1. Taking residue B:100 in one copy and the same position in all the others, each labelled 7 Å out along Cα→Cβ, what are the pairwise distances from the first, in nm, shortest first?
2. Shortest first and in nm with one decimal, please list how far the residue B:69 label point sits from its counterparts in the other copies (point 7 Å along Cα→Cβ).
3. What residues have an amide H closer than 5 Å to that of residue B:188, excluding those fewer than 5 places away on the same chain, when H is modeled at 1.01 Å from N in the peptide plane?
4. Taking the label point 7 Å from Cα in the Cβ direction, how far apart in nm is residue B:185 from each other copy of itself, listed shortest first?
5. So what is log10(I(q)/I(0)) for the protein assembly as shown at q = 0.10, 0.14 1/Å, when the Debye sum runs over its Cα atoms only?
6. In the calculated pair distance distribution of the stretch B:135-203, what percentage of Cα-Cα distances lie above 19 Å?
7. Relative to the longest principal axis of the C-alpha atoms of chain B, give the angle of the C-alpha long axis of helix B:102-117, reported between 0 and 90° and rounded to the nearest 10°.
8. How far is it, in nm, from the label point at residue A:87 to the one at residue B:1 when both lie 7 Å from their Cα along the line to the Cβ?
Protein chains: 2
Amino acid sequence: MKAVILANGEFPSHPTPLNELLDAPLLVCCDGAIENLEKLAITPNALVGDLDSIKEHLKKKYQSILHHDPDQNTNDLTKAVKWCIGNRINDIVIVGATGKREDHTLGNIGLLSNYARMGANVKMLTDTGVFYPLLSSSTIGSYVGQQVSIFSPNNQTVITTKNLKYPIENKTLPEFWMGTLNESLGDKFEISFSPGPLIIYLKY
Amino acid sequence: MKAVILANGEFPSHPTPLNELLDAPLLVCCDGAIENLEKLAITPNALVGDLDSIKEHLKKKYQSILHHDPDQNTNDLTKAVKWCIGNRINDIVIVGATGKREDHTLGNIGLLSNYARMGANVKMLTDTGVFYPLLSSSTIGSYVGQQVSIFSPNNQTVITTKNLKYPIENKTLPEFWMGTLNESLGDKFEISFSPGPLIIYLKY
């Protein structure tokens, strides 16, 4: 089973996340984002969050799909991911998770590795590209010249790449962002690493 | 001497970065951002970058303030900061550095600690808040309820906070983003840490 989660960042404008949302076999909406769906007359399958930010008439309208999770230690995106996993939905595409507060953007991107550790097969589609968490060495499909950034959330990870313009050879990244602005040399590239996680960004 | 650098992300729309730009005693423009200034009929004091992305007629128009830096290992924002420091300008405000490609946003925020290590007294103003790099323990002015996020670029930093809603007591952050979504309890808060750096975000 696959779900698309609409987070409470900027509503997508690029066709890739937008089509993913429109074609979602199961759509999970973080509570603050419901007003965007209202405008498009789209009804999600589930509406998840602490429900603090939902107006009363919307709570009433959507009461049959409301899933209240008051946990103050997780954000609404994490609540939506937990709801999916609790319902045995492990293939998860996140849209609308960037583009407002930058600290939320960084947090939501960092959380991807938590979601992978929770067992989700997850990716985040933004208006510019896609983020994937990686828990183990991977070969990733690409195109020649595709822009690639590698993020190391904990800086312990020893990395070796193949088929990237600026190769990394058996090294850690001293700070999380120091693997940005690379480029694929072909229709795939390889990242070998341990112990992980890593988060990869591919520009569309 | 103080300079404002306009980076090549989304042009500011919030009054705080916009006023900083309009009132800049010295305005340094990263090359790709010059078209935004053209539209506003603002002439910067310096136009810095690899100049790959500037149209020929603009190169000609601005030739007296062009500073060509072809280094392929740094981005245009870093070239602009280096230009400032090379001209003995150490008070630097960066605007327009977020809001397009998210990997650029993460990279530009991470670079703040590099700029601090280079000797700059630097902050980044976005449309939602301000980012500061910290190299040593600090007391930071705030208001009650102000949203605060703490980023640890290298995860080695042992942190203790005072006057934040979710205190950190003599701990490292396991991943760079795990200090997000905190809140100030008063008109200031304290962060003691070693060895650093840290990057702090304050929502306006």
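1. 2.5
2. So the distances to the same position in the other copies read 4.4 nm.
3. Close amide H contacts, sequence-distant or interchain: B:142.
4. Inter-copy label distances (nm, one decimal, shortest first): 5.5.
5. For the requested q values the scattering log ratios are -0.71, -1.36.
6. Value for the stretch B:135-203 (Cα pairs over 19 Å): 20 percent.
7. 80 degrees
8. Rounded to a tenth, the inter-label distance reads 6.0 nm.
Every read-out reported here was derived from the displayed coordinates using simple, explicitly stated rules and does not represent laboratory data. Note that the structure is a prediction, hence the values are computed from the model and not measured. Neighbour counts are summed over all protein chains in view; Cβ atoms, including those assigned to glycine, are modelled from backbone coordinates with ideal geometry.
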